[in-house]
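Participant: Sharing a structure, written as structure tokens. Questions coming.
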């Protein structure tokens, strides 16, 4: 039985887990993230692994006698192989969304599940998102709400900009920030039932 730790302060990731009855204590990673990878799937796998290792150390110090299970994730938006991070300002957000308008892009989430014995899972999952054509006026209105400024790719699918999503291919929660179904099924294959193996 594991003491579960979520290595993320993301309210969206916590909400996804709680919706499925999967409980985790939160210990935020504050390691300086850096990767030499450039391919989107490799970048998110590497960054999620860095977070997991950082929090595994913290959790081991806090709970020295517990079996710790750390879950971490990192999500990025990619278009034509270019990684789109959080916009620098409102104009940058407008430019990003203008580029994505009427087109399909990819969202990658890297996930790491780690115990004190080592890495149990480290994978990247991809979902594709297609936007309707969005008028410059509607983009300006959305950007003025400030909602895009703290989001990779300058939008959140679960927020107001969801009205411009024409379709998705893949797991919806992966776009929000944590592919819960993909994680659960892979963990089962690794011998861990996240609904039950818990302290």
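The values are calculated or read from the model by the stated rules, or taken from the named source; none is laboratory data. Just so we're clear, the structure is a prediction, and the values are computed from it rather than from any experiment. Please note: Cβ atoms are built from the backbone with ideal geometry, for glycine as well, and neighbour counts cover all protein chains shown.
Participant: Take the residues in segment 141-155 that are in a loop (DSSP other than H, G, I, E, B) and modelled with pLDDT of 95 or more; name whichever of them is farthest from residue 74 (Cα to Cα).
Facilitator: 145
Participant: Out of everything in segment 23-70 that is in contact (Cβ under 8 Å) with a residue 60 or more places away in the chain and not in a helix (DSSP H, G or I), what residue ends up being surrounded by the most Cβ atoms within 10 Å (Cβ to Cβ)?
Facilitator: Filtering segment 23-70 down to residues in contact (Cβ under 8 Å) with a residue 60 or more places away in the chain leaves 23, 40-49, 51-53, 56, 63, 66-70.
This time we only want the ones that are not in a helix (DSSP H, G or I), so: 23, 63, 66-70.
Numbers: 23: 14, 63: 15, 66: 16, 67: 14, 68: 23, 69: 25, 70: 30.
Within segment 23-70, the match that is surrounded by the most Cβ atoms within 10 Å (Cβ to Cβ) is 70.
Participant: Hey, any hits in segment 86-94 for a residue that's modelled with pLDDT of 95 or more, assigned to a helix (DSSP H, G or I), buried (at least 20 other Cβ atoms within 10 Å of the Cβ) and in contact with a helix residue (DSSP H, G or I) (Cβ under 9 Å, 6 or more places away or on another chain)?
Facilitator: yes
Participant: Next question, about the same structure. Considering 127, 138, which residue is modelled with pLDDT of 95 or more, touching a strand residue (DSSP E or B) at 6+ places or on another chain (Cβ under 7 Å), surrounded by 12 or more Cβ atoms within 10 Å (Cβ to Cβ) and not in a loop (DSSP other than H, G, I, E, B)?
Facilitator: Going through 127, 138 in turn, just one is modelled with pLDDT of 95 or more, touching a strand residue (DSSP E or B) at 6+ places or on another chain (Cβ under 7 Å), surrounded by 12 or more Cβ atoms within 10 Å (Cβ to Cβ) and not in a loop (DSSP other than H, G, I, E, B): 127.
Participant: Let me ask another. Given the structure, is residue 69 more than 30 Å from residue 96 (Cβ to Cβ), touching a strand residue (DSSP E or B) at 6+ places or on another chain (Cβ under 9 Å) and at pLDDT 95 or above?
Facilitator: Here the answer is yes, as residue 69 does meet what is asked.
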